Amino acid sequence: MSVIQEVAKTRGASRELRKGDGKAAAIFLAPWFLGLGLITAFPLLASLYLSFTDYSLLEAPSWIGLENYQRMFEDPRWLQSLSVTLRYVLISVPLQLMAALALAMVLDRGLRGLAIYRSVYYLPSLLGSSVAIALLWRQVFGADGLVNQVLGYFGIQGYGWVSHPDYALGTLMILNVWTFGAPMIIFLAGLRQIPAMYYEAASIDGASKVRQFFNITIPLLSPIIFFNLVLQLIGAFQSFTQAFIVSGGTGGPVDSTLFYTLYLYQNGFKSFDMGYASAMAWFLLLIVAGMTAVNFLASKYWVFYDD
Amino acid sequence: MRATTTRRGRTRAAFIAMTAAGAMALGACGSGSSGGPGSDSTQAEEGGEGDGVEIRFSWWGSDDRHQTTQEIIDLFEEKNPGITVVPDYTDWGGYWDKLATSTAGGDTPDVITHEERFIADYANRGVLADLESLDIDTSEMQDTVIDGGRVDGTLYGLATGVNAYAMMADPQIFADAGVEVPDDTTWTWEDFVAVSGELSKAAGDGVYGTQDIGFNEAGLSILARQKGQNLYNEDGSLGVDAETVSQFFQIGLDLQENGGAPDGSRTVEIQNAGPEGSLLGTNAGGMGVWWSNQLGALSSASGHELELLRMPGETEYERTGMYFKPAMFYSVSATTEHPEESAMFVDFLLNDPEVAALQLTDRGLPSNLSVRESILGDLEAADAKVADFMADLEDEIVDGPPVPPNGAGDVQDIMIRLNSEVLFGSMTPDEAAEAFLSEVEAATSN
């Protein structure tokens, strides 16, 4: 226990501010706050207003109250986009975190050349939501792509996976799982924080590796898991580029990759319906905020803080 | 002691997570609009001479077009000292986002390149000027082509040039398979399906008769016209019946059944791949429907000398259905501060032979007939073929379809989705036709 108290003390000390730092901080933060105001906060409030209007972009907006919000629930494509997004989030995020944790544990064993492995596995995270990777995905999962070539060796004739309505969303989920690098790095840092003495004590007491994982690693890592979960959930709700590129902006085939944000974009910029698009954006904010709130409430029961 | 550290730790971790969550949730609303590729870098020359007039000209396209257009602008500025033309260009996808956004911001370009499916949206909302009130010479343009730019009788766009939606065929693939290229003056839609199936069989593995034709409403428009109907009527309402739409979707299904076209998922994939990845472009198919100005790109992708054919069914029903589509329009902003100079610029773009000599058929086969005449000698093989083909069609084409109504920009997406439903078997052609009519009705009714 004393070790932990020592650590806590030194951390506490480093957090004390020296007088006079405040002004400098304000100056350094000013450009950021300016950007926040002009580029984020103002459009944000404007979109709240626009969500209650009929706004074609080309004419002045006219107030229509809650009509845009009512319309959502009668719009089958909106429901489809919500369903596509929820499936994508609920399936790919847990898988992604599991992959991240598994790899982090392998790397935590102190392999030789750890830095190289870490970079290699982190790379997809940097590239994941880029146009280039979406294009690559279209190739890999295409009718004559890498996946089908491999399947061909086993005599299996594959589809054009990205352009088949039953599988297109699946390929995008795989893409999201593949970008496990960022949560992996965070897990890796978290694993390093767990004092080795817990494991030593446990193994002296005869606990198996599995038992150690569930009774030591998971509880001590739970704040990190929680952090990653919240971040990745929000990120996944906002996915846009992959579907946009893979489907050529249509959300096809047959709306199977019609992400919420993609449908929002289509409404705003292709159907001249920016009012409706704004309402959709605010509804997404509610969904994400609600999801995050539930997460925080639930965290009481499974997240264990020990530091 | 133990209790306090835990508490502090929890607050801190929660705070970090909360801040991150908040920032990203804010981002959720902000990132709905894609920034789009920036293109303002070339707006360097400001003002020019003291009392000079500055107009902004917006267009979409590839690098080639940007370079040629810059040369055209330089030429205009040279001939008209005192007027500066500021270029404002992006690719096709980003163009409409940008135009809508800059119009919303009260910063509409003075001279706007427009397109059939979007012009009514802008015209009906008062963004565009009546071109007949401006001084632009249209004496060398055909009336049917000029009328293509009218919305409710008012002229909002002048066609830069014309294209035709036509069947393209690769004679070499026909020859290798031992199948004869059909006679396009008499062939029916059934012939098209049959010959595609035959070609697929004879050509062997990996080569298909045709690429699916159901992803573009232009094909439906032609079939409707052949049967004496219209995709859209003059007043913007739908002018096509469910039977015709169903017949159109059925063609795709028939092609799947007799193997004349690739299966659903491969078809969707090729559909997204542009001319370079098309069946014709990759020597993997005998036919495909395209706009005539794409012959050059297709020919160079395939390396074969492609032929232009009339659409099937031109002699099957009541009348011919093919038409000259305005490739693009030049429009002028209704709120421009310099209507005269903008009109001068449009007049120059349409009527100056030197402009045509620079851009050739890049904005369609020039709509000004004497200008068209003047560049025929300079055309490359594929473009010359298009010019010949269009000249042959001149007598057969009855009229042009009316400008599509507000919301027509959505129709292609509806078409793509419903055609996919049919190809993947989740809807019958009849169901897709019903859905098409009601969805297009809804999209174009505001």
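A few notes on this one:
- DSSP-assigned coil residues among chymotrypsin sites (Phe, Trp or Tyr not before Pro) in the range A:54-141, each with at most 15 further Cβ atoms within 10 Å: none
- Among beta bridges from DSSP that stay inside chain B, the antiparallel ones total about 65%.
- Remark: B:127, B:346, B:86 ranked as B:86, B:127, B:346, counting other beta-carbon atoms within 10 Å and listing the fewest first.
- The distance between label points at residue B:101 and residue B:243 comes to 4.8 nm (points 7 Å beyond Cα on the Cα→Cβ vector).
- Förster radius 35 Å - calculated FRET efficiency between residue A:126 and residue B:334 (Cβ-Cβ, nearest 0.05): 0.15
- Counting neighbouring beta carbons within 10 Å and listing from fewest to most, the residues A:175, B:134 come out as B:134, A:175.
- Peptides B:100-108, B:352-360, A:220-228 ordered by packing proxy, namely the average of other Cβ atoms within 10 Å per residue, highest first: A:220-228, B:352-360, B:100-108.
- Basic side chains Lys and Arg get +1 at the Cβ, acidic Asp and Glu get -1 at the Cβ, and with that the dipole of the protein assembly as shown about its Cα centre reaches some 7580 debye.
- Among A:70, A:96, A:238: highest mean-square fluctuation, GNM of chain A, C-alpha pairs under 10 Å: A:70
- The mean count of C-beta atoms from other chains within 10 Å of the C-beta of residues in B:114-124, rounded to a whole number, is 1.
- Modelled FRET efficiency - R0 25 Å, residue A:214 with residue A:119, Cβ distances, 0.05 increments: 0.25
- Kyte-Doolittle mean at least 0.0 and Cα axial length at least 20 Å: DSSP H helices in chain B: B:2-30, B:189-203, B:242-257
- For residue B:228, net neighbour charge (Lys/Arg +1, Asp/Glu -1) across residues whose Cβ lies under 13 Å away: -2
- Comparing A:115, A:189, A:100 in a Gaussian network model of chain A where C-alpha atoms under 10 Å apart are linked, the largest mean-square fluctuation is found at A:115.
- Cβ charges +1 (Lys, Arg) and -1 (Asp, Glu), total dipole of chain A, debye: 940
- Ordered by the count of other Cβ atoms within 10 Å of each Cβ, fewest first, B:287, B:322 give B:322, B:287.
- Chain A, relative contact order in percent, only Cα pairs under 8 angstrom and at least six apart counted: 28
- Listed residues B:203, B:175, B:284, most fluctuating in chain B (Gaussian network, C-alpha, under 10 Å): B:175
- Per-residue mean of foreign Cβ neighbours for A:294-302 is 1 (Cβ atoms of other chains, 10 Å radius).
- Descending semi-axes in Å of the protein assembly as shown, equivalent ellipsoid built from Cα gyration tensor: 53, 34, 23
- 5 angstrom amide H check on residue B:232, placed H, neighbours 5+ away: B:239
- Antiparallel DSSP beta bridges within the protein assembly as shown, as percent of all bridges there, nearest 5: 70
- Inter-chain Cβ neighbour average for residues A:246-258, partner chain, 10 Å: 6
- The residues neighbouring residue B:140, those whose beta-carbon lies less than 13 Å from its own, together hold a net charge of -4 under the Lys/Arg +1, Asp/Glu -1 convention.
- Working note: 222 nm ellipticity from helices only, DSSP H runs with n ≥ 4, each -39,500 (n - 2.57), summed and divided by the residues of chain B, gives -14500 deg cm²/dmol to the nearest 500.
- Among A:258-266, B:421-429, A:22-30, sorting by the average number of other beta carbon atoms lying within 10 angstrom of each residue, highest first, gives A:258-266, B:421-429, A:22-30.
- Kyte-Doolittle mean at least 0.5, axial Cα span of 24 Å or more - DSSP H helices of chain A: A:76-107, A:218-237, A:274-302
- Between amide H atoms placed 1.01 Å from N, distances below 5 Å from residue B:53 occur with B:83, B:84, all of them 5 or more places distant or on a separate chain.
- FRET efficiency for the pair residue B:234 and residue A:294, taken as 1/(1 + (r/R0)^6) with r the Cβ-Cβ distance and R0 = 51 Å, rounds to 0.40.
Readers should treat all values here as calculations from the given coordinates under stated rules, not as data from a laboratory. Just so you know, these numbers come straight off a predicted model, no measurement behind them. Glycine gets a Cβ as well: all are built from the backbone with ideal geometry, and neighbour counts include every protein chain shown.
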